[in-house]
Amino acid sequence: MSASIIIEAANLPIEIGIEERLINKGIIIVPDFICNSGAAAFFGMLASGQANFEDIFEKVETNVNNSLNDILEHKSLFNCDIRESANHYVLKIQRSLALSNKINV
């Protein structure tokens, strides 16, 4: 394989054993739940008339970029793989929302 980055999509993560081998080869794997983050909410906004088509792509791009930057920063600080860092990121958001009483975790 000549790819240096693999972007998972459509809720089909790479199998754990294969993922470990790819990571050991230095290939970066961006988890599907990061690639998909926010898109459903923003398209819901489009469907309900709360935003227009152009705004949706800008908001999704901003959301994914911000999420990925936070995840890569955590990865670097704690010397872990992207999936572990992404899982930590999701838990951090869930805790924050739970503290603000927006969701039950």
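What to note about this one:
- Stretch gain in nm, segment S100-T62, where the contour uses 0.36 nm per residue and the Cα spacing is subtracted: 11.4 nm
- Only helical runs count toward this figure. For the chain, summing -39,500 (n - 2.57) over DSSP H runs of n ≥ 4 and dividing by all residues gives -20000 deg cm²/dmol at 222 nm.
- Dipole magnitude of the chain, debye to nearest 20 (Cβ charges: Lys/Arg +1, Asp/Glu -1, about Cα centre): 300
- Two-site FRET efficiency, N52 against I27, from Cβ-Cβ distance with R₀ of 22 Å, rounded to 0.05: 0.05
- The packing ranking of peptides 72-81, 3-12, highest mean first, is 72-81, 3-12, where packing means the average number of other beta carbon atoms within 10 angstrom of each residue.
- Heavy atoms of the protein chains alone define the surface here; on that basis the chain has 70 Å² accessible area per residue at 1.4 Å probe size.
- Percent accessible area from carbon and sulfur atoms, the stretch 26-97, protein chains only, probe 1.4 Å: 55
- Residue among N65, N36, N24 with the largest mean-square fluctuation in a Gaussian network model of the chain, springs linking Cα atoms under 10 Å: N24
- Highest-MSF residue in the chain out of A47, A39, A86 [GNM, Cα springs under 10 Å]: A47
The values are calculated or read from the model by the stated rules, or taken from the named source; none is laboratory data. Keep in mind that what you see is a predicted model, and the values were worked out from it rather than measured. For neighbour counting, all protein chains shown are included, and Cβ atoms are generated from backbone atoms with ideal geometry for every residue, glycine included. To get the accessible areas, we keep the full protein, side chains included, count just its heavy atoms, and leave off ligands, DNA and RNA. Shrake-Rupley method; radii C 1.70, N 1.55, O 1.52, S 1.80 Å.
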